[in-house]
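The values are calculated or read from the model by the stated rules, or taken from the named source; none is laboratory data. Not measured: the values here are computed from a predicted model. All Cβ positions, even for glycine, are placed from backbone atoms using ideal geometry, and neighbour counts span all protein chains on display.
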Amino acid sequence: MRIQDMIEGKREWRAHMARVKALPQDYQIVYKELQKYLFKVGPVQLTEGTDLLSGIVDLFEEGASIGKGVLEVTGRDVAAFCDDLIKDSKTYADIYQESVNEEVNKAMKKGTDKTK
């Protein structure tokens, strides 16, 4: 990664966080919890820019502009809201599961080759 890309990434992140800080307090609270959840669940696309998180901020800005409370936008089960957002996304857990399965398959193949 080039230094210029890193600088641009930081600039993009700061602009993103400025948008979050401009949201009403209830939206900021839910956004921070949503962000923590997504970082723990680990969709791969989170490390590839702020597209997913920016989309959430877009949705929150729209909800706030028409006077909706944040839970009217996300629903009461915020984790389920997150899961629905990333249901078609590859996660780090998926990648890890694939690598475990590959290792098991390799080991099993070696084991069966020796018994022939």
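Across the range 82-116, what is the number of residues that are modelled with pLDDT of 75 or more and surrounded by fewer than 11 Cβ atoms within 10 Å (Cβ to Cβ)? Matching residues across the range 82-116 total 14.
Where helices (runs of 4 or more DSSP H) sit wholly within the range 4-116, those with at least 3 residues that are among the polar types (S, T, N, Q) and without any contact (Cβ under 8 Å) to a residue 24 or more places away in the chain occupy 25-41, 92-114. State yes or no: is Asp26 under 11 Å from the mean Cα position of the chain (by Cα) and surrounded by 11 or more Cβ atoms within 10 Å (Cβ to Cβ)? In short, no.
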